[in-house]
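Colleague: What follows is a structure written as structure tokens; I'll ask about it next.
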Amino acid sequence: MDGTSRHYAADNIAVENLTTKFSNGLLRLAAGLVLICTTFQVQSDQNDPRLTELFAQLHQVKEQEAANQLTDDIWAIWRDSGDPHINQLMKRGIAAMQSGHLRESVAIFDQIIRLAPDFAEGWNKRATVYFFLRDYEKSAADVRKTLLLEPRHFGATAGLGLIFLSLDYYQSALEAFEKALDINPHLVGPKMQIEQIRAILKDEPA
């Protein structure tokens, strides 16, 4: 979903302990998403040639500031559809989301997806809005589409972890956050969530 190592959603959202449980359909979808996250290939329909080098540099740098800049550069490429009209819609959708007009934001991202179904960030942003709306099944479905288009999408992978965590599905959340760190080892939010989940799992009866 949305965010960088500095403004990743997990740094700002207190995930509530919900009583909602997976439906059978969402359980099957969750299993498929974990498989995608575990077996991704480093190739995607987001074929900007700069991305390969940026991801390589993420695994080479040691300083957090340098990693933050690389992460921001990746997000900037992901947000750029190459179409000025789509990019303008993206700005409107993000502004609506950030101002709390979530239904309006969904409608804008719906339009983006209709116009550019192979643009991964359109799906990812709608997944983020559905997460804020607590419509976890729709959010997970959009995460799945995002990862099919861009398997390196650490934001979507970490977002999957937030969905699992919101549903108290701790082991799957842990796996998703760990996979996000495999892709981008400098993400702050997933590191914090992993520590919290491991503490929870440690305290659970065997």
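Bear in mind these aren't lab numbers, they're just calculated from the coordinates by the rules spelled out. All figures in this text were calculated on a predicted structure; none of them were measured in a lab. For neighbour counting, all protein chains shown are included, and Cβ atoms are generated from backbone atoms with ideal geometry for every residue, glycine included.
Colleague: Could you give the length gained by full extension between GLU63 and ALA95, i.e. 0.36 nm per residue of separation minus their alpha carbon distance, to one decimal place?
Modeller: Values: separation 32, 0.36 × 32 = 11.52 nm, distance 3.09 nm.
Using 0.36 nm per residue and subtracting the Cα-Cα distance, I get 8.4 nm.
Colleague: Over the Cα atoms of region 80-206, what is the Rg over Rh ratio if Rh follows Kirkwood?
Modeller: Working: Rg = 15.5 Å, Rh = 15.1 Å.
Result: Rg/Rh = 1.02.
Colleague: If you don't mind, there's one more thing I want to ask. Note down the magnitude of the dipole of region 65-187 about its Cα centre, charges +1 on Lys and Arg C-beta and -1 on Asp and Glu C-beta and zero elsewhere, to the nearest 20 debye. Could you put the intermediate results ahead of the total?
Modeller: Details: 13 positive and 17 negative charges, 87 e Å.
That gives region 65-187 a dipole magnitude of about 420 debye.
Colleague: For a quick protection proxy, order the peptides 59-65, 168-174, 125-131, 196-202 by their average other-Cβ count within 10 Å, most packed first.
Modeller: Working: 59-65: 10.6, 168-174: 18.4, 125-131: 26.9, 196-202: 12.9.
Top to bottom by mean Cβ count within 10 Å: 125-131, 168-174, 196-202, 59-65.
Colleague: Next question. Ordered by packing density, taken as the mean number of other Cβ atoms within 10 Å over each peptide's residues, highest first, how do 108-120, 75-87 rank? Don't skip to the answer; put the middle values down first.
Modeller: On the way: 108-120: 18.0, 75-87: 14.8.
In decreasing order of mean packing, 108-120, 75-87 become 108-120, 75-87.
Colleague: Using only Cα positions of region 136-197, each an equal point scatterer, no hydration layer, compute I(q)/I(0) via Debye at q = 0.13, 0.18, 0.23 Å⁻¹ and quote the log10 values to two decimals.
Modeller: Here the Debye-derived log intensity ratios amount to -0.28, -0.54, -0.87.
Colleague: Based only on other Cβ atoms within 10 Å, what is the fewest-to-most ordering of GLU104, GLU175?
Modeller: On the way: GLU104 16, GLU175 20.
Ranking GLU104, GLU175 by Cβ neighbours within 10 Å, fewest first, gives GLU104, GLU175.
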